[in-house]
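The next block holds one structure in the form of structure tokens; read it before the comments.
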Ligand SMILES: Cc1ncc(COP(=O)(O)O)c(C=O)c1O
């Protein structure tokens, strides 16, 4: 019987990231040692049952860490990500941005509360309030008259909604939009904070924002209280991989933790988590170079799309700052 490991198929760590990525290191160490765990997963790393489809599948518990996680490798990896994005809290999810968005909806308001929600958000942020029993106050994105495409929700529309509904407990927006345009998240943060409530941004497609001078800063860097992003979309991580990043001035950290745990599997796939850690390490070290060279026509399309938003790419950043390397992009809270 041949033992199936990820390195049987692809090189295990082609860019030498494991020294800076504790979960990746734990995952590779598990796969390198010949182990036949007594617990899950049921395939026991055997290749003679269902074949390569399970290659590299390692659980977090009794895999990357002990059953009652004593090494704390997940926490170590999450702290590195929190530091990179300038957040106090980071959680890695194997449930995609869908899970992160729903956890945040549960975290920020009690049943019966009202929250401002952009009508053009992904279903996870439309269903999040349903799960949480909170009531949406809808705001709509503006439409670019020349293309007919939805652009961004204006700050003045959110301000007006807050004046009309002072009882609102949070603002949920999606940025960038499905068509690649982005809005004034710093302005939205100022308005939300003036009302003493958190701004939550679904940045599912923007895990790379803030890591290249031609891209907008990410939502946390410009003042959002929480941001959710899919590592599997813009970063080279496993499908389902996502991050929840939050600062806790206006978000109750313990409520967020309970909401996250209540909606997450109790058997997270270690390989998915390790791929988030590896992608974080790669982004931190080589992000500016890699983000600056998107493959072929992809780059041209993205540039056109951002141009379509009609916004300066990085308001307030001079050429000096724009030349900073990505590894120094550890962001300060605004
Ligand atoms: C804007 C937006 N938010 C959230 C999600 C959910 O992300 P995931 O598929 O990682 O659960 C998607 C998925 O495409 C999305 O487009």
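Here are a few things to note about the model shown:
- Checklist (1) surrounded by fewer than 15 Cβ atoms within 10 Å (Cβ to Cβ); (2) at pLDDT 95 or above; (3) part of a loop (DSSP other than H, G, I, E, B) applied to residue 221, failing item: (1)
- Condition check for residue 30: modelled with pLDDT under 95 and part of a helix (DSSP H, G or I): yes
- Among the residues of region 202-218, those that are farther than 14 Å from residue 283 by Cα, touching a helix residue (DSSP H, G or I) at 6+ places or on another chain (Cβ under 6 Å) and crowded, with 24+ Cβ neighbours inside 10 Å comprise 202, 204.
- Among the residues of region 97-110, the ones that are assigned to a helix (DSSP H, G or I) and either more than 14 Å from the ligand (Cβ to nearest atom) or at pLDDT below 95 (or both) come to 3 in all.
- Unmet requirement for residue 197, which otherwise passes all of (1) buried (at least 24 other Cβ atoms within 10 Å of the Cβ); (2) assigned to a loop (DSSP other than H, G, I, E, B); (3) at negative phi: (1)
- Of all residues in region 233-256, those satisfying the criterion of being touching a helix residue (DSSP H, G or I) at 6+ places or on another chain (Cβ under 7 Å), within 16 Å of the ligand (Cβ to nearest atom) and outside any loop (DSSP other than H, G, I, E, B) are 242, 243, 244, 245.
- Residue in region 185-202 that is closer than 18 Å to residue 251 by Cα, within 16 Å of the ligand (Cβ to nearest atom) and in contact (Cβ under 8 Å) with a residue 40 or more places away in the chain present: yes
- A count restricted to region 111-125 and to residues that are within 16 Å of the ligand (Cβ to nearest atom), within 14 Å of residue 157 (Cα to Cα) and either outside any loop (DSSP other than H, G, I, E, B) or out of contact with any strand residue (DSSP E or B) (no Cβ under 7 Å at 6 or more places or on another chain) (or both) stands at 2.
- Qualifying residue in region 73-96 (condition: more than 21 Å from residue 284 (Cα to Cα), in a loop (DSSP other than H, G, I, E, B), in contact (Cβ under 8 Å) with a residue 24 or more places away in the chain and away from the ligand (no atom under 16 Å from the Cβ)): no
The values are calculated or read from the model by the stated rules, or taken from the named source; none is laboratory data. For clarity, every value in this text was computed on a predicted model and none was experimentally measured. For neighbour counting, all protein chains shown are included, and Cβ atoms are generated from backbone atoms with ideal geometry for every residue, glycine included.
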